[in-house]
1. By a straight-distance test (C-alpha under 18 Å), which aspartates and glutamates pair with residue 77 as possible cross-link partners, with residues fewer than eight away in the same chain excluded?
2. Testing the spin-label approximation: label points 7 Å from Cα along Cα→Cβ at residue 473 and residue 234. State their distance in nm.
3. Going down the table (11/126; 313/352; 411/461), which pairs top 23 Å between alpha carbons?
4. Could you work out how far apart the two model spin labels at residue 329 and residue 150 are, taking each label as a point 7 Å from the Cα in the direction of the beta carbon, and quote it in nm?
5. Distance from a point 7 Å along Cα→Cβ of residue 119 to each backbone N in the range 148-170: keep the residues under 20 Å and list them by number.
6. Relative contact order (percent) for the chain, with alpha-carbon contacts under 8 angstrom and 6 or more residues of separation?
7. Can you tell me the order of 250-259, 456-465, 214-223, 21-30 when each peptide is scored by its average per-residue count of other Cβ atoms within 10 angstrom, highest first?
8. Pick out, from 32, 109, 66, the residue whose Cα sits farthest towards the positive end of the charge dipole of the range 18-112, with +1 on the Cβ of Lys and Arg and -1 on the Cβ of Asp and Glu.
Amino acid sequence: MEKYRLPKITKICCIGGGFVGGPTATVIANRCPHIYVTVVDRDIDRITAWQSNELPISEPDLLDVLQVPRDGLRPNKVRNLSFTTDLDNSVRDADIIFIAVDTPTKSSGEGAGSLLETAGVEAIAKSIARVSTNNKIVVDKSTVPIGTSRRIREILHRDGCDGVQFEVLSNPEFLAEGTAVHDLLFPDRVIIGSLEEPSGILAAEALASVYATWVPRSRIVFSNLFSSELSKLAANALLAQRVSSINALSVICEATGADIDQIAKAVGSDSRIGPHMLQSSFGFGGSCFSKDIRSLVYLCESLHMPEVALYWKSILVMNEVQKTRTIPRVTSLLGGDIRGKRIAFLGVAFKKNTADTRESCAIDLIKGFAKAGALITIYDPWVTANRIRHDLGIGDDGEGDPGPTTVKICKSAEEACERACAVLVTTDWDMFTRDGQSTGEALLTEYVDWSRLATAMEHPKVVLGSTQTMDRVMLEEMGFLTEIIGTQRLS
């Protein structure tokens, strides 16, 4: 930064209007009326959706927060949030530029199947260098391999115009689907990584001043670039580790008669451990955990640390074990053969409060049961039928990769359970929970009447799910044969 003076931030450009970029830009614009925020995306349909009230992503409270800066709902009617496909002018006008594009796992070349793909990030860096005519702070919000910020810096300084200075920051996102707006408004921490020299430190302070409009200064953490980049992978790896750890314990509980809920309460009461992410389940899903652990494994292997790589890889192994042991468990309850038997799945999203099905355990389970010859019925309150068919690789007629079976996508839980002999509660939607009480899902107004499902189903009426979605005593009284992950079957 020129003469190491703190730059004044009046315009921000966010490149990428997906799950990270859209909500991040929205909250900044909502909380900083003095800053004009522009979201750029090359997908015209996505931009059109952001300009409407039918947003391209489903997140609680997002529309309400968005409408204030986008539609000028403040008393002074100021509008300071817009969406466009015009990258060049948006970049040229901005003081800070966020890069918030997808970094999927590489599908070919070196690191295929493990390393995160950064070609999109590097292409954007080249575009920023090409059009910038004044000094810029470039902020990487995408999840990237360690060293990517340094690579962005090299591109900017190599391809940029003479006299234009660039500072590159790493500012990883820590958003959970279903709570993204809350996570942005009330973050546990905001990490800002920079070069540890005067110009980098000033750039980090400039970005911190934006967040400090609503985030307490004590929650803004400064680090070097490498630490910031690794912190994102580390956070997801540690969260996934907790899920696999509690699921590994659930296997022991089922064999010994211990109760996983009681175990979770006992260990979670320890302040050093805490209660979060200690709910047994079919396994973790979503776009981040598996992808980021594979990237961490690749990093360890490339640094010649095979033992460390094996440690992180074991988290993924346990996750697969938790999913694959479900099929033989249900098959045993149905007499050892599930061919031609109807099995219902309640929930396809990888978690509640989202329509995201990426890496969903439900999808893997459906494919496995279908290949074993079961007749599949599916209901999810948010996920579209087209999305489910796409994920399963089937056509409208039910034919496709899952095998010689009929897959029916239903409009209600009762329809899905009609004549089914088993039902798996594969997403913890509140509408499926044991007490039928909502805990905040404003878009869901109907709750499952399990007594009606019991009437609709056929013997032996197996129901399998987690402790947080099922009340064994209530379901057994209704005539269900109840299997709960992490507990031993009642005799």
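1. Of all the aspartates and glutamates, those that pass the test against residue 77 - Cα under 18 Å, at least 8 places apart if same chain - are 64.
2. Each label point lies 7 Å from its Cα, and together they span 4.5 nm.
3. Values: 11/126 20 Å; 313/352 26 Å; 411/461 20 Å.
Among 11/126; 313/352; 411/461, the Cα-Cα distance tops 23 Å for 313/352.
4. Going by the 7 Å Cα→Cβ label model, 4.5 nm.
5. 148-149, 151-153, 155-156
6. Values: 974 pairs, mean separation 56.4, N = 491.
It comes to 11 percent, rounded to a whole number.
7. Numbers: 250-259: 15.9, 456-465: 19.1, 214-223: 14.2, 21-30: 24.9.
So the peptides 250-259, 456-465, 214-223, 21-30, ranked by packing, come out 21-30, 456-465, 250-259, 214-223.
8. Working it through, the farthest residue towards the positive pole turns out to be 32.
The values are calculated or read from the model by the stated rules, or taken from the named source; none is laboratory data. Since the structure is predicted, the reported quantities are computational estimates derived from the model, not experimental observations. We place every Cβ from the backbone using ideal geometry, glycine too, and count neighbours over all the protein chains shown. Keep in mind that these areas ignore ligands, DNA and RNA; they rest on the heavy atoms of the full protein, side chains included. Shrake-Rupley method; radii C 1.70, N 1.55, O 1.52, S 1.80 Å.
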